[in-house]
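The values are calculated or read from the model by the stated rules, or taken from the named source; none is laboratory data. Keep in mind the model is a prediction, meaning the values are calculated, not measured. Cβ placement follows ideal geometry from the backbone for every residue including glycine, while neighbour counts extend to all protein chains displayed.
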Amino acid sequence: MIHIATWKRVLVILVCVLGIVYAVPNLLPQDQVDEWSESLPSWLPVNQINLGLDLQGGSHLLLRVDYQSVIAERMEGIADEIRTQFRQEDIGFTGLEVGADGVALTVRDPAQAEAAAELIRAMDESVAVTIGEEGALSVAYTEAAVAEVQNNSVIQSIEIIRRRIDAFGTTEPVIQRQGDDRIVVQVPGAEDPEQIKNRLTTTARLTFHLIDQSTSVAEAQAGQVPAGSELLPSRELNEAGEPAGYYVVRRRVMVSGDTLTDAQPTFDQNNTPAVSFRFDSTGARRFADTTSENVGGLLAIVLDDEVISAPRINSPILGGQGIIEGGGFTVESANELAVLLRAGALPADIEVLEERTVGPGLGQDSIDAGRVAAVIGLVLVVVFIILVYGLFGVFAVIALAFNLAIIIAALTALQATLTLPGIAGIVLTVGMAVDANVLIFERIREEVRNGRSPISAIDAGYNRAFTTIIDSNLTTLIAAILLFSMGAGPVRGFSVTLSIGILSSMFTAIMVTRLFVVTWLLRTRPKVLNV
Amino acid sequence: MALFRFLNRIPHVPFLRFRRQAYTFSALLVAASIVATAVLGLNFGIDFRGGILIEVRDQSGAADIEEMRGQLGALGLGEVSLQEFGEPSDVLIRIQSQEGGEDANQQAIERVRETLGDGYDYRRTEAVGPTVGAELIEAGTLAVLLAIGAILIYIWARFEWQFGVCAVIALLHDVISTIGLFAIIQHEFNLATVAALLTIAGYSINDTVVVFDRVRENLRKYKRESMPQILERSLNETLSRTLMTSLTTLLALVALYFFGGAIIRDFAFALIWGIVIGTYSSIFVAVPALMQLNLRRPADKKEEAPAGP
């Protein structure tokens, strides 16, 4: 143990130097580092530790894509098709019911059941139609089709959420799929978390419908909504926070927002905020057809089942462009709508399952408090160790300094995220890191008491403490790794720093301190050891 | 060289003589913890129970908690609790999980923001829906159980089975009494507390293993001594290391408790308790328990014998 192989010495020194090189950029202000990264050779590390959202401020959202709503909606569509097509084909049916995951109906003439089933299968390839007794039909998605809807909804939602968040221009958002139907979104440094949430959870489906002029709003409100129409509230709210009015809108979608190619905030002729839009060729043609065929009618602009406005069609609109006005837009809300329309509609409803948002003020306070606690903890431990162990204490303290550098370097190099509990993990490591040294020093003391010579005492001390250090640290490491696998947000940061801290304190105690002690021993050759 | 010497000689504390008192104390502690947890229940935070937590800072200085309580109480959001958090201007608002699906929490947050108005900075907003809350309970329980199991297996593989059992007894003692402490003082029990529990488990084992290691070594070294003598010798030989490590760790944790900020305080508190109880249990629970379990001297196994004379 007294003799340390040259390659080991080189390795130890190399690790320590690397530790310092990687750790240094973290001690400097960001602009200094930026300046460096331009002037220094590119192989030098200039990364800083990733701060968790709890330290730099930002929003963590766990979202669920409600793919069932997509299926329910498709079932609605199939039911509509059944109504029209069966009428055309002269297939009589009763008891048409639309549930959350299927449609049920009974064909009057059981002999027609097979033909009816064939007709339904042709409407949507993904459905399975089961024929029951006496012409009963039940329509549902196959398991594979449900899985596909789920998968596609999540993938599309991620894409659209990414576009919407990119519109903020913020740095490096994290958008990840989690499990079957969940999406994790982390937006650092968010100034207004409410806006982010609204932007992520608004479906933003824009559709154009004709207003049903065969009836009045009052009649519809009394419950007499004509078949194929529905009563929708206005998007604009009155002072009491209720919809300013209602519209009877035909269900049929004349043109849908997925044919938009662009949307921009603008002002109308009265100089109030509005949103201009442009269709692709398909949308433009449909829009032209609709407006040509319905001059004099009212065209409702509907966003997520709320009517923005319903202007009169004075003349055919052939250019494939238009403007959405009315609806009580402010400059911000017009801008927001333009962003949403450009990014596209979400394929399904999105629910917020979990939210953790930290404002920038609290983040900075936490960093400051963590820094103060770490420095004070460090000073206390250093003073105590030197008081108790004298020169050997100094060795341990130097090893502790390298230990900290290596922890910070490892966090930086791995681009792990430092959270507030992570800082707590580092402070805890500072306390526990001296443990391995203490084990060795106590062992050396004992051997000295047993009458061994300094060299032999140190040799035996390192040898005997070794297994104890491994055993005791591995058990703590087991706990730390399980903590990581439990994997909930900031707590994960704690387990990362704790694990790295355990490994690096084993390394520094066993290798680095030993290098110091052995070098000192061989140089001074003391007669008596004062551990 | 050193200014003062810490336990310069190997002490001769007759630890095992106090083992009846220690057993009584520990049994009472564990029993009280279980009763307290069953009767008082744990004050689960929103991580597990679901609900909303909002930390606000009054921009005009000291916050008027009574007025805020009145405003928010009128919203009909169920149980709403407010408390000063760290500074007079900072208030922590806790709102129970809202009925009516996952989006209900979000609507409640919006209403709170509308009601309180612009005079506050929203420093932190956390909302956990019912689904996630249930999942976190599961993950947390699983992590603690797995950790205990994995540690048991590790010790089993490295030592005689009696060591494994005693180490886990000491560990359960520490974990249960920490949970009991949280039930008695009704501090919030959240994800960070679970992290603290796992760290305490790790530390407790770490401490126990160091003593056990020495017991194992001394069993081979002092063949003529009786089991109690060997256990006592091992405890005394490792005593100065046990205390040193606990003290340095406590120093760091005390710094964290007082200067680490309000969010981390409960976490540091749990760990401080854990270190103290973990140190106690290694000495007074784990090692005496070894004696009760009829630990035998192992036959001389060469691969386990330490180097040296």
Study note, to complete from the structure: Scanning region A:81-115 residue by residue, the ones that are assigned to a helix (DSSP H, G or I), within 19 Å of A:Ala128 (Cβ to Cβ) and not polar (S, T, N, Q) total 6
Revision key, fill the gap. How many residues of region A:227-250 are touching a helix residue (DSSP H, G or I) at 6+ places or on another chain (Cβ under 8 Å) and either at pLDDT 90 or above or over 30 Å from B:Thr115 (Cα atoms) (or both)? The answer is 5
Exercise for review: Keeping to region A:326-337, report how many residues are assigned to a helix (DSSP H, G or I) and either without any contact (Cβ under 8 Å) to a residue 24 or more places away in the chain or surrounded by fewer than 22 Cβ atoms within 10 Å (Cβ to Cβ) (or both).
Suggested key: 5
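Among A:Asp368, A:Asp305, A:Asp349, A:Asp289, which is the only one that is closer than 26 Å to A:Glu73 by Cβ and without any contact (Cβ under 8 Å) to a residue 24 or more places away in the chain?
Going through A:Asp368, A:Asp305, A:Asp349, A:Asp289 in turn, just one is closer than 26 Å to A:Glu73 by Cβ and without any contact (Cβ under 8 Å) to a residue 24 or more places away in the chain: A:Asp289.
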Review point. If you scan region A:279-322, which residues turn out to be outside any loop (DSSP other than H, G, I, E, B), within 26 Å of A:Leu231 (Cβ to Cβ) and aliphatic (A, V, I, L, M)?
Key: A:Leu298, A:Leu299, A:Ala300, A:Ile301, A:Val302, A:Leu303, A:Val307, A:Ile308
Check your understanding: If you go through region A:50-59 one residue at a time, do you hit one that is surrounded by fewer than 21 Cβ atoms within 10 Å (Cβ to Cβ), of a type in the set (S, T, N, Q) and over 24 Å from A:Ile196 (Cβ atoms)?
Key -> no
Check your understanding: Can you find even one residue in region B:245-264 that is touching a Gly at 6+ places or on another chain (Cβ under 6 Å) and among the polar types (S, T, N, Q)?
Key -> yes
Check your understanding: Scanning for something touching a Phe, Trp or Tyr at 6+ places or on another chain (Cβ under 7 Å), within 7 Å of another protein chain (Cβ to nearest Cβ) and assigned to a helix (DSSP H, G or I), does region A:423-430 turn up at least one residue?
Key -> yes
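If a residue has to be more than 25 Å from B:Ala127 (Cα to Cα) and in a helix (DSSP H, G or I) to count, how many in region A:341-373 make the cut?
Total satisfying the criteria: 7.
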Practice item. Say whether the condition of being at the interface with chain A (Cβ under 9 Å from one of its Cβ atoms), surrounded by fewer than 22 Cβ atoms within 10 Å (Cβ to Cβ) and within 22 Å of A:Gly57 (Cα to Cα) is met by at least one residue in region B:116-130. Key: yes
Revision key, fill the gap. Taking region B:232-289 and the residues there that are among the basic types (Lys, Arg) and within 22 Å of A:Arg443 (Cβ to Cβ), the one that is farthest from the other protein chains (Cβ to nearest Cβ) would be B:Arg233
Exercise for review: Report yes if some residue within region B:190-204 is in contact with a helix residue (DSSP H, G or I) (Cβ under 8 Å, 6 or more places away or on another chain) and more than 11 Å from chain A (Cβ to nearest Cβ); otherwise report no.
Suggested key: no
Exercise for review: Answer yes or no as to whether B:Tyr154 is more than 9 Å from chain A (Cβ to nearest Cβ) and buried (at least 18 other Cβ atoms within 10 Å of the Cβ).
Suggested key: no
Exercise for review: Could you figure out which of (1) crowded, with 17+ Cβ neighbours inside 10 Å; (2) within 30 Å of B:Gly260 (Cβ to Cβ) isn't true of A:Leu27?
Suggested key: (1)
Exercise for review: For region A:494-527, name all the residues that are within 21 Å of A:Ala413 (Cα to Cα) and surrounded by fewer than 18 Cβ atoms within 10 Å (Cβ to Cβ).
Suggested key: A:Leu503
Exercise for review: Would you mind stating whether B:Arg216 is assigned to a helix (DSSP H, G or I), more than 12 Å from chain A (Cβ to nearest Cβ) and of a type in the set (Lys, Arg)?
Suggested key: no
Exercise for review: Look through region B:251-272, keep the residues that are part of a helix (DSSP H, G or I) and touching an Asp or Glu at 6+ places or on another chain (Cβ under 9 Å), and return whichever of them is surrounded by the fewest Cβ atoms within 10 Å (Cβ to Cβ).
Suggested key: B:Ala262
Check your understanding: On the given criteria, is A:Ile376 at pLDDT 90 or above, more than 10 Å from chain B (Cβ to nearest Cβ), assigned to a helix (DSSP H, G or I) and in contact with a helix residue (DSSP H, G or I) (Cβ under 8 Å, 6 or more places away or on another chain)?
Key -> no
Check your understanding: Restricting attention to region A:178-198, which residues are touching a Lys or Arg at 6+ places or on another chain (Cβ under 7 Å) and away from chain B (no Cβ under 13 Å)?
Key -> A:Ile183
Exercise for review: Could you list all residues from region A:37-80 that are within 19 Å of A:Arg205 (Cα to Cα) and part of a strand (DSSP E or B)?
Suggested key: A:Leu63, A:Arg64, A:Val65, A:Asp66
Check your understanding: Name the pairs: first residue in region A:57-71 and closer than 19 Å to A:Glu159 by Cα, second residue among the polar types (S, T, N, Q) and in a strand (DSSP E or B), Cβ to Cβ under 9 Å, at least 6 apart or on different chains?
Key -> A:Ser59/A:Gln186; A:Ser59/A:Thr357; A:Ser59/B:Thr125; A:His60/A:Gln186; A:His60/A:Thr357; A:Leu61/A:Gln186; A:Leu61/A:Thr357; A:Leu62/A:Gln178
Practice item. Kindly check whether there is at least one residue in region B:131-147 that is part of a helix (DSSP H, G or I), over 18 Å from A:Leu482 (Cα atoms) and at the interface with chain A (Cβ under 7 Å from one of its Cβ atoms). Key: yes
Point to revise | Odd one out for B:Ile155 among (1) under 25 Å from B:Asn43 (Cβ atoms); (2) in a helix (DSSP H, G or I) | key: (1)
Point to revise | Cβ pairs under 7 Å, 6+ apart, first in region A:247-272 and in contact (Cβ under 8 Å) with a residue 12 or more places away in the chain and assigned to a loop (DSSP other than H, G, I, E, B), second of a type in the set (Gly, Ala, Ser) and surrounded by 13 or more Cβ atoms within 10 Å (Cβ to Cβ) | key: A:Arg251/A:Ser229; A:Asp268/A:Ala274
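Within region B:237-250, how many residues turn out to be free of Cβ contacts under 8 Å to residues at least 24 places away in the same chain and either more than 17 Å from A:Ala433 (Cα to Cα) or buried (at least 22 other Cβ atoms within 10 Å of the Cβ) (or both)?
1
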Revision key, fill the gap. Checking A:Leu474, A:Leu483, A:Leu498 in turn, the sole residue that is in contact (Cβ under 8 Å) with a residue 60 or more places away in the chain and at the interface with chain B (Cβ under 8 Å from one of its Cβ atoms) turns out to be A:Leu498
Review point. Of all the residues that make up region A:206-244, how many are assigned to a loop (DSSP other than H, G, I, E, B) and in contact (Cβ under 8 Å) with a residue 60 or more places away in the chain?
Key: 4
